[in-house]
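Enquirer: Below is the structure I would like to discuss, written out as structure tokens.
The values are calculated or read from the model by the stated rules, or taken from the named source; none is laboratory data. Worth saying up front: this structure is predicted, and the values here are computed from it rather than measured. Cβ placement follows ideal geometry from the backbone for every residue including glycine, while neighbour counts extend to all protein chains displayed. Surface accessibility is based on the protein's heavy atoms, side chains included, excluding ligands, DNA and RNA. Shrake-Rupley method; radii C 1.70, N 1.55, O 1.52, S 1.80 Å.
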Amino acid sequence: VTAEDFKEIAQRAPGVDIARVEVLAAYHPDLGDSQPGDAPGVVTLMLVPRHDPRQPDAPMPDGAFIDAVCRHLDPRRLVTTELVLRGPQYVPLWLSVGITVAGGHTVPEVRDAVKARLRAVLAPTRADGLSDLPGRESGWPLGAAVNPKELWAEAARVPGVLRINGVNLAEGDGTAILDERPLSGLKLPRLLGLSV
């Protein structure tokens, strides 16, 4: 049974609408700073539902969702495999971007386009059909650090942006992130606020 098998079987679970499944082989999220490969016999699935009315920007599976997927996977797993089903662990971030708008473009349209682009780049799932994000077709990748320079580049790709004047990234408590914010395990970024 491969990681891809677990992913395909989980996506076919009846009664749930799954937007994203990530499979981490030999990884257990309760073992502290462990990395994939540190827990033989364990397979962890990170599940992100397509819709969550409580927090649409950071969907979390509820107990019924996890139970439905578990009931579907349990009879299909190897007896010696321990399955761990979890939702993502969202890391709260604040983002502020300064731009100069090129002539012939309206400020509100360009500002809204930059916001939409950055929200799409940092999203946990990809429902908007952005095809110019290689390696991020299903959402922000697990294990990828959030880097202000990368967000700078994404904002600069928006038509009508003449120049990026600055990018400020901060933790949820307001502490500035100067270099990058590493993410490990089941962690994904969640924008608490975005100012352009």
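Enquirer: So what's the back-of-envelope 222 nm ellipticity for the chain, counting only DSSP H runs of four-plus at -39500 (n - 2.57) apiece and dividing by all residues, rounded to 500?
Expert: Details: 4 runs with 45 residues, N = 196.
Calculated at 222 nm, the ellipticity per residue is -7000 deg cm²/dmol.
Enquirer: Now a separate question. Carbon-plus-sulfur fraction of the accessible area of region 42-99, 1.4 Å probe, in percent?
Expert: 55 percent
Enquirer: Along the positive direction of the dipole of region 58-196 (beta-carbon charges: Lys, Arg +1; Asp, Glu -1; about the Cα centre), which of VAL161, LEU73, VAL146 reaches farthest?
Expert: VAL161
Enquirer: So, one more: Amide H to amide H, which residues 5 or more places from LEU183 or on other chains are under 5 Å from it, using H placed in the peptide plane?
Expert: For LEU183, whose amide H was placed from the backbone, the distant partners under 5 Å are ALA145, VAL146.
Enquirer: So which lysines pass the test for LYS115, namely a Cα distance under 18 Å, with those fewer than 8 places away in the same chain ruled out?
Expert: Within the straight-line cut-off, LYS115 pairs with LYS149.
Enquirer: Using the crude model of +1 on Lys and Arg Cβ and -1 on Asp and Glu Cβ, and no other charge, please compute the dipole size for the chain relative to its Cα centre, in debye to 20.
Expert: Details: 21 positive and 25 negative charges, 95 e Å.
Computed charge dipole of the chain: roughly 460 debye.
Enquirer: Here is a follow-up. Once the Cβ-Cβ distance between ASP5 and ALA116 is put in as r, and R0 is 45 Å, what FRET efficiency do you end up with, to the nearest 0.05?
Expert: Values: r = 35 Å, r/R0 = 0.79.
Plugging the Cβ-Cβ distance into 1/(1 + (r/R0)^6) gives 0.80.
Enquirer: Let me ask something else about it. Restricting to DSSP loop positions (anything but H, G, I, E, B) with no more than 13 other Cβ atoms inside 10 Å of their own Cβ, which GluC sites (Glu not before Pro) remain in region 105-188? Could you put the intermediate results ahead of the total?
Expert: Working: sites: GLU109, GLU137, GLU150, GLU154, GLU171, GLU180; in loops: GLU137, GLU180.
Qualifying residues, ordered by number: GLU137.
Enquirer: Let me know the volume per residue of the alpha-carbon convex hull for region 119-196, in Å³. Provide the component values of the computation, followed by the final result.
Expert: Details: hull volume 8.3 nm³, N = 78.
For region 119-196, the hull spanned by Cα atoms encloses 106 Å³ per residue.
Enquirer: Under a Cβ-Cβ cut-off of 15 Å, what is the net charge of the residues other than VAL21 that fall near it, where Lys and Arg count +1 and Asp and Glu count -1?
Expert: Details: positive: LYS7, ARG12, ARG20, ARG50, ARG76, ARG77, ARG86, ARG126; negative: GLU4, ASP5, GLU8, ASP17, GLU22, GLU137.
Residues near VAL21 contribute +2 overall.
Enquirer: Rounded to the nearest whole Å², what accessible area per residue is found for region 53-196 with the 1.4 Å probe? List each step's numbers first, then the result.
Expert: On the way: 7580 Å² over 144 residues.
Result: 53 Å² of accessible area for each residue.
Enquirer: Then there's this: Show me, for region 188-196, the HN-Hα J-couplings you get by feeding each phi into the Karplus relation (A = 6.51, B = -1.76, C = 1.60, θ = phi - 60°), rounded to Hz, glycine and proline as x.
Expert: Computed from phi, the couplings for region 188-196 are 9, x, 9, 6, 7, x, 9, 10, 10 Hz.
Enquirer: Now for a different question. Using Cα pairs under 8 angstrom and six or more residues apart, how large is the relative contact order of the chain, in percent?
Expert: Working: 361 pairs, mean separation 46.0, N = 196.
About 23 percent, as a whole number.
Enquirer: Which of the trypsin sites (Lys or Arg not before Pro) found in region 24-76 are loop residues per DSSP with 10 or fewer other Cβ atoms within 10 Å of their Cβ?
Expert: Values: sites: ARG50, ARG54, ARG71, ARG76; in loops: ARG50, ARG54.
Sparse-neighbourhood loop trypsin sites (Lys or Arg not before Pro): ARG54.
Enquirer: Let me ask something else about it. Can you tell me how much longer the chain between THR175 and THR100 gets when fully stretched, taken as 0.36 nm per residue apart minus their C-alpha distance, in nm with one decimal? Can you show the working numbers first?
Expert: Values: separation 75, 0.36 × 75 = 27.00 nm, distance 2.58 nm.
Full extension from THR175 to THR100 adds 24.4 nm.
Enquirer: Any idea what diffusion coefficient the chain gets from Stokes-Einstein, in µm²/s, Kirkwood Rh on alpha carbon pairs, 10 °C, 1.306 mPa s? Could you put the intermediate results ahead of the total?
Expert: On the way: Rh = 18.2 Å.
Calculated translational D: 87 µm²/s.
Enquirer: Only bridges with both residues in the chain count here: give the DSSP antiparallel percent, nearest 5. Before the final figure, lay out each step's value.
Expert: On the way: 19 of 32 bridges.
Around 60 percent antiparallel, to the nearest 5.
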